[in-house]
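Right, one structure below, let's go through it.
The values are calculated or read from the model by the stated rules, or taken from the named source; none is laboratory data. These numbers come from a predicted model, not from an experiment. As a convention, Cβ positions derive from the backbone with ideal geometry for all residues, glycine included, and neighbour counts pool all protein chains shown. Heavy atoms of the whole protein, side chains included, go into the accessibility calculation; ligands, DNA and RNA do not. Shrake-Rupley method; radii C 1.70, N 1.55, O 1.52, S 1.80 Å.
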Amino acid sequence: MIPAQFDYVAPASLDEALDALRNGGEDAKVLAGGHSLLPLMKLRLAAPSLLVDLRKVPGLAGIQRENGTVRLGAMTRHVDVASGGLGLASTAAGTIADPQVRNRGTIGGSLAHGDPASDMPAVLLAAEGSVTVRGSGGTREIAAADLFEDFLTTAVGDDEILTEVRLPAMDGYGFGFQKFNRRNEDWAMVGVCAYVKKAADGSCEDVRIGLTHMGSTPLRAGGVETALRGRPLDAQSIAAAAEQAAEGTEPPADLNASADYKRHLARVLTRRALEDASS
């Protein structure tokens, strides 16, 4: 289907982009890589009156490491995240869709879009990272726990642009990533990412788990984290904790899987991700 008519600008600076976004009103949308927004426009599920393309804005791409934090420009492409040696974030980015999408899609665009079936939101949530946004009111930081508000709805304001993503380096943590989909390039039916930190005695000092496509937003598997923290990282403890993976979730049923099957997948994939993170 052909999208509805819209205006288009490609500003040469962030200030120009913010001006265009503000002047365009509530129906103006930011265009980063375009692989989340454009499909919705083609289906007429989104009909922005103005697209503000960030491709010419300098300083919004790149990866920097400093003081235990990884800073990623919002326009950093998935392919660059995948090759960036960033542990869990790189592993997850390398599984996104297909090479075409990974070479055009951006980490900032994915997070600002807020699709609970996307891979990177759950990674940000599990890492307890944050994003930086800039708007007419200045610059502010939004913690991952506060970013995702509802289906396709985030705390990024209509007059704000997401400029940077911050991830803790997670030194000392092992990680695991599991995703189940019908085809490699499909959205995940369910995805699980896990961080595990071992104590000196081999028990679980800390654990963080993010769930993909188990509700209207990405979720933390709090029940699993509570059940495993302080326990031995053996097969029995991991399996018992993983049984709590679907607790408090409301996975959407669709043509690929029922809600109950997705709950089953969450338990199985959580166990596998924890085993990988603990090995």
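For the chain, the Cα gyration tensor yields ellipsoid semi-axes of 33, 21, 15 Å (square root of five times each eigenvalue, largest first, whole Å).
Helix content alone sets the calculated 222 nm mean residue ellipticity of the chain: runs of n ≥ 4 DSSP H residues at -39500 (n - 2.57) each, divided across all residues, give -8500 deg cm²/dmol. For the chain, averaging the sequence separation of C-alpha pairs within contact (under 8 Å, six or more residues apart) and dividing by the residue count gives a relative contact order of 15 percent. Taking Lys and Arg as +1 and Asp and Glu as -1, the other residues whose beta-carbon sits under 12 Å from that of Ala273 total +3. The alpha carbons of the stretch 56-125 occupy a box of 31, 29, 21 Å along the principal axes, longest dimension given first. Straight Cα distances below 17 angstrom link Lys29 to the lysines Lys42, Lys56, with same-chain residues fewer than 8 positions distant left out. Taking θ as phi - 60° and the Karplus parameters 6.51, -1.76 and 1.60, the scalar couplings of the stretch 70-82 work out to 9, 10, 10, x, 4, 8, 5, 6, 4, 5, 6, 5, 4 Hz in sequence order, x denoting glycine and proline. Once both labels are positioned 7 Å from their Cα atoms along Cα-to-Cβ, the gap between Thr69 and Ser203 label points is 3.2 nm. Rolling a 1.4 angstrom probe over the chain with all protein chains present gives an accessible area of which 46% lies on carbon and sulfur atoms. A 1.4 Å probe run over the chain, with the rest of the protein chains in place, finds 46 Å² accessible per residue. Take the Cβ atoms of Asn181 and Lys42, set R0 to 25 Å, and the FRET efficiency comes out at 0.70. Take Met75: with every protein chain present and a 1.4 Å probe, its accessible area is about 30 Å². Take the Cα of Ser83, go 7 Å toward its beta carbon, and the backbone nitrogen atoms of the stretch 103-125 under 16 Å from that spot belong to 103-107. Could you give the distance between the Cα centres of the stretch 123-172 and the stretch 205-243, to the whole Å? Comparing the Cα centres of the stretch 123-172 and the stretch 205-243, I get a distance of 23 Å.
With a simple spin-label model that places each label point 7 Å from the Cα along the Cα-to-Cβ direction, the separation between Ser258 and Ala155 comes to 3.7 nm. From the square roots a ≥ b ≥ c of the eigenvalues of the alpha-carbon gyration tensor of the stretch 173-279, which class results: rounded (a/c under 1.5), prolate (a/b over b/c), or oblate? The shape class here is prolate. Net charge of the neighbourhood of Gly230, taken over other residues with C-beta under 10 Å away and scored Lys/Arg +1, Asp/Glu -1, is 0. Each residue of the stretch 92-105 was assigned a 3J(HN,Hα) from its phi angle through the Karplus expression (A = 6.51, B = -1.76, C = 1.60, θ = phi - 60°), giving 5, 4, x, 9, 5, 6, 9, x, 4, 5, 5, 8, 10, x Hz with x at Gly and Pro.
Amide H contacts under 5 Å for Leu31: Val52, Asp53, Leu54, restricted to partners 5 or more places along the chain or on a different chain, H placed in the peptide plane at 1.01 Å from N. Could you give the length gained by full extension between Asn103 and Ala169, i.e. 0.36 nm per residue of separation minus their alpha carbon distance, to one decimal place? Going from the current span to full extension adds 21.4 nm.
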